[in-house]
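Below is one structure, written out as structure tokens; the observations come after it.
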Amino acid sequence: MKIQEADAKTLLLAQGLPVPAWEVARTVADARAAAERFLAAGDDAVVIKAQVLVGGRGKAGGVKLARSVEEAERIAGDILGMSIKGIEVRKVLVAPAADIVKEYYLSAVLDRAERRILIMASAEGGVEIEQVAVDNPDAIITLHADPELGLLDWQARSLAFRLGLGAHLKQAVGIAKGVVRTMLAYDADLVEINPLAIVRERAADGSTTERLAALDAKITLDDSALFRHPELETMRDLDEEDPTDLEARAAGISFIKLDGTIGCMVNGAGLAMTTMDLVKRAGGEPANFLDIGGGARADKVAAAMRLILTDRNVRAILVNIFGGITRGDEVAKGLIEARSMQERAVPMVVRIVGTNAEEAQRLLREANFKTASSLDEAARLAVEAANASGAAA
Ligand code: GDP
Ligand code: MN
């Protein structure tokens, strides 16, 4: 689960990292009011930033500075509603504009092969790290942190010196360790600060000081560990969720869209994968992975059918249910109900074995469903049906 910059900053702040103040606004009026508060408090300018779950907002015109309330209002009006990489901007972050001296890059990701946390850092921050990796790979510093111990002091100090942050050693060490702590605290896959910047601050007497601040933040949380952090569920941005993903989660169905033409409805992840393999062996391509889970009843089957049919590429549906806790007759009822509501006629091949399979067969026969007794046969029939309806379409 990707979370917005503002939420990522909340988590960084909770782990003690230096993040400048901010407000989130959904309307031009709210953005204006936020800018007014910051400017009245003595800031020279504010930065207004599109809150969308994609990178490169700056380049796309989604990050702008404003020096007055009027300018902030105009810029917020430009950014709200604009489209960045196909996503409509529905909210902006408003913050005091930092006076940037130099930008750095710092991130932590899971290195599955090494079973450790990989820290990446660069003194060439601000730009996308992928670009640095291409143009100047030597400018990227990497090191690994132990998942139990986190980033050790000496590692953090060495990193700070290699980045040329010796003058900000204490703060840099705290930030590097904090990034790893944030990874561990929330079971994140990625914590990225780009830019981590040296910013200049001016005191009332005109004197200036320099310190480090996290001006941008990106965090991806491990979906499989979200149950350990129920409080983070509120950070899910429903504005940017795929509607199909939303419906699947609401129904408790594991659903992953693929590129083929054969919709698969199966119970059990292992059986779902086997079904996909057999579809491929029969010469077809699965349109999705779908596991309705154990003990699914008619309404869940109907929801699964709706999910499959939202994909316009689907030319045939293969239902493969192994009845254990799941009762075959319940599934059959769900299929019959789902088909009666189906606004698009798609051929369906059903194989149900196990608990109440005979009753299921009877119901399906009466409703004129095409059934199969073996999985090989079911896969073959589904591929034939897809090819036939593909040719007809
Ligand atoms: P991204 O393009 O989506 O990564 O958005 P960022 O928040 O990283 O902003 C992009 C760039 O805008 C940064 O690398 C900075 O150069 C600039 N920027 C962001 N915030 C500020 C700020 O407060 N002050 C100044 N002067 N520039 C900023
Ligand atoms: Mn950035």
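The values are calculated or read from the model by the stated rules, or taken from the named source; none is laboratory data. If you're wondering where the values come from, they're calculated on a predicted model, not measured in any experiment. Positions of Cβ are backbone-derived with ideal geometry, glycine not excepted, and every protein chain shown enters the neighbour counts.
See the values below:
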item	result
Given (1) in a loop (DSSP other than H, G, I, E, B); (2) more than 15 Å from ligand 2 (Cβ to nearest atom); (3) touching a residue at least 60 places away in the same chain (Cβ under 8 Å); (4) over 21 Å from the mean Cα position of the chain (by Cα), number of the condition Arg90 does not satisfy	(4)
Listing of strands (runs of 3 or more DSSP E) fully contained in the range 185-250 that carry 2 or more residues being more than 15 Å from the chain's Cα centre (by Cα)	188-202, 208-214
Condition check for Val179: β-branched (Val, Ile, Thr), buried (at least 17 other Cβ atoms within 10 Å of the Cβ), part of a helix (DSSP H, G or I) and in contact (Cβ under 8 Å) with a residue 60 or more places away in the chain	yes
So Leu106, is it under 23 Å from the mean Cα position of the chain (by Cα) and buried (at least 17 other Cβ atoms within 10 Å of the Cβ)	yes
Identity of the residue in the range 9-22, over 11 Å from Ala214 (Cα atoms) and part of a helix (DSSP H, G or I), that ends up farthest from ligand 1 (Cβ to nearest atom)	Ala14
Selection status of Ala217, surrounded by 13 or more Cβ atoms within 10 Å (Cβ to Cβ), within 15 Å of ligand 1 (Cβ to nearest atom) and in contact (Cβ under 8 Å) with a residue 12 or more places away in the chain	yes
Among residues of the range 192-224, those that are touching a helix residue (DSSP H, G or I) at 6+ places or on another chain (Cβ under 8 Å) and either over 19 Å from Trp22 (Cα atoms) or hydroxyl-bearing (Ser, Thr, Tyr) (or both), counted	2
Selection count, the range 116-162, where residues are outside any helix (DSSP H, G or I) and away from ligand 1 (no atom under 16 Å from the Cβ)	18
Top-ranked residue in the range 55-66 [being touching a strand residue (DSSP E or B) at 6+ places or on another chain (Cβ under 8 Å) and basic (Lys, Arg); ranked as nearest to ligand 2 (Cβ to nearest atom)]	Arg57
Pair list, Cβ < 6 Å and 6+ apart or interchain, from the range 285-304 residues that are more than 14 Å from Leu335 (Cβ to Cβ) to residues that are part of a helix (DSSP H, G or I)	Pro286/Met276; Pro286/Val279; Phe289/Ala272; Asp291/Ala269; Asp291/Ala272
Any hit, the range 82-103, residues being farther than 30 Å from Arg26 by Cα and modelled with pLDDT of 95 or more	yes
Some residue of the range 50-68 being away from ligand 1 (no atom under 14 Å from the Cβ), surrounded by fewer than 16 Cβ atoms within 10 Å (Cβ to Cβ) and modelled with pLDDT of 95 or more	yes
Filtered residue count, the range 312-345, keeping only those that are surrounded by 18 or more Cβ atoms within 10 Å (Cβ to Cβ), within 32 Å of the chain's Cα centre (by Cα) and not basic (Lys, Arg)	13
Elements of type strands (runs of 3 or more DSSP E) contained in the range 254-360, each with 3 or more residues being more than 20 Å from Gly390 (Cα to Cα)	254-257, 288-291, 316-323, 348-354
Residue match in the range 101-115 (condition: assigned to a helix (DSSP H, G or I), touching a residue at least 40 places away in the same chain (Cβ under 8 Å) and within 22 Å of Leu53 (Cα to Cα))	no
Single condition Asp299 does not satisfy, out of (1) buried (at least 16 other Cβ atoms within 10 Å of the Cβ); (2) modelled with pLDDT under 90; (3) among the charged types (D, E, K, R)	(1)
The range 23-36, residues that are within 16 Å of ligand 1 (Cβ to nearest atom) and assigned to a helix (DSSP H, G or I)	Ala31, Ala34, Ala35
